[in-house]
Every structure is written in structure tokens, then in C-alpha cells.
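**Q** Mind having a look at this structure? Questions to follow.
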Amino acid sequence: MMKGEKTIRYNVKLNMYQEHLLHLMIVDKEFWPGEAAPKDITQLLEWAITDYIDYYQSYNSNKKGEK
């Protein structure tokens, strides 16, 4: 863990179909750009959270620029 990082555990509720689709996504090498698929669901969640944080920061910057 890097300095300043904190581990937080969350429970994610998935039905069997959603879990099945996530597994298919992870093993489908053609789905991922540059064939850099996540190694597991945890890494996929980390990527998704990072993407949404970036999106939110961009949204906030644009929102402040409109005022």
C-alpha cells in the first residue's frame, strides 16, 4: 500500500447473471483496449472507481467554469 492510501472494504451485491457477465468481461481479451484486461473483479472495481472519480472532478471543474 502506498503512503496515504487506505483500504476500505465494501460489499457489492450481484445476482448470478451479473456475476456471470463480470466473469465473461474479465476473461474476454478482445473487450479490453490493448488487451489489458483486469486480473480480477477487485481490479475492475478499482478501475471503475478511478474512472468515476476522474469524471466527477472534470464535471466539477466544468461546473465551476460556468459560473
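**Q** Give region 1-18 a look and list any residue that's of a type in the set (S, T, N, Q), surrounded by fewer than 10 Cβ atoms within 10 Å (Cβ to Cβ), under 16 Å from THR42 (Cα atoms) and at pLDDT 85 or above, or say none.
**A** First pass over region 1-18, keeping only residues of a type in the set (S, T, N, Q): 7, 11, 15, 18.
Retained after the next criterion (residues that are surrounded by fewer than 10 Cβ atoms within 10 Å (Cβ to Cβ)): 7, 11, 15.
Next, only the ones that are under 16 Å from THR42 (Cα atoms) stay: 7, 11.
ASN11 - this is the single residue of region 1-18 that is of a type in the set (S, T, N, Q), surrounded by fewer than 10 Cβ atoms within 10 Å (Cβ to Cβ), under 16 Å from THR42 (Cα atoms) and at pLDDT 85 or above.
**Q** Report yes if ILE53 is of a type outside the set (D, E, K, R), in contact with a Leu (Cβ under 8 Å, 6 or more places away or on another chain) and either open to solvent by less than 100 Å² (accessible area, probe 1.4 Å) or touching a residue at least 24 places away in the same chain (Cβ under 8 Å) (or both), otherwise no. Break it down into steps so the answer makes sense when it comes.
**A** Working: of a type outside the set (D, E, K, R): yes; in contact with a Leu (Cβ under 8 Å, 6 or more places away or on another chain): no; either open to solvent by less than 100 Å² (accessible area, probe 1.4 Å) or touching a residue at least 24 places away in the same chain (Cβ under 8 Å) (or both): yes.
When the stated conditions are applied, ILE53 does not pass them.
**Q** Condition (residue is open to solvent by 100 Å² or more (accessible area, probe 1.4 Å), part of a helix (DSSP H, G or I), out of contact with any strand residue (DSSP E or B) (no Cβ under 8 Å at 6 or more places or on another chain) and hydroxyl-bearing (Ser, Thr, Tyr)) applied to region 30-50: is it met by at least one residue?
**A** Within region 30-50 (the criterion being open to solvent by 100 Å² or more (accessible area, probe 1.4 Å), part of a helix (DSSP H, G or I), out of contact with any strand residue (DSSP E or B) (no Cβ under 8 Å at 6 or more places or on another chain) and hydroxyl-bearing (Ser, Thr, Tyr)), the answer is no, since none of the residues qualifies.
**Q** Now for a different question. Give region 1-23 a look and list any residue that's within 16 Å of the chain's Cα centre (by Cα) and assigned to a helix (DSSP H, G or I), or say none.
**A** GLN18, GLU19, LEU21, LEU22, HIS23, listed by residue number.
**Q** Name the residues in region 32-59 that are over 15 Å from the mean Cα position of the chain (by Cα) and at pLDDT 90 or above, would you? Step through it out loud before you land on a result.
**A** As a first pass, look at region 32-59 and keep what is over 15 Å from the mean Cα position of the chain (by Cα): 34-35, 57-59.
Within region 32-59, GLN57, SER58, TYR59 qualify.
**Q** Can you tell me which of (1) within 27 Å of GLU5 (Cβ to Cβ); (2) open to solvent by 100 Å² or more (accessible area, probe 1.4 Å) is the one SER58 doesn't meet?
**A** (2)
The values are calculated or read from the model by the stated rules, or taken from the named source; none is laboratory data. Since the structure is predicted, the reported quantities are computational estimates derived from the model, not experimental observations. Positions of Cβ are generated from backbone atoms using ideal geometry, with glycine treated the same way; all protein chains shown enter the neighbour counts. Accessible surface areas use protein heavy atoms only, side chains included; no ligands, DNA or RNA. Shrake-Rupley method; radii C 1.70, N 1.55, O 1.52, S 1.80 Å.
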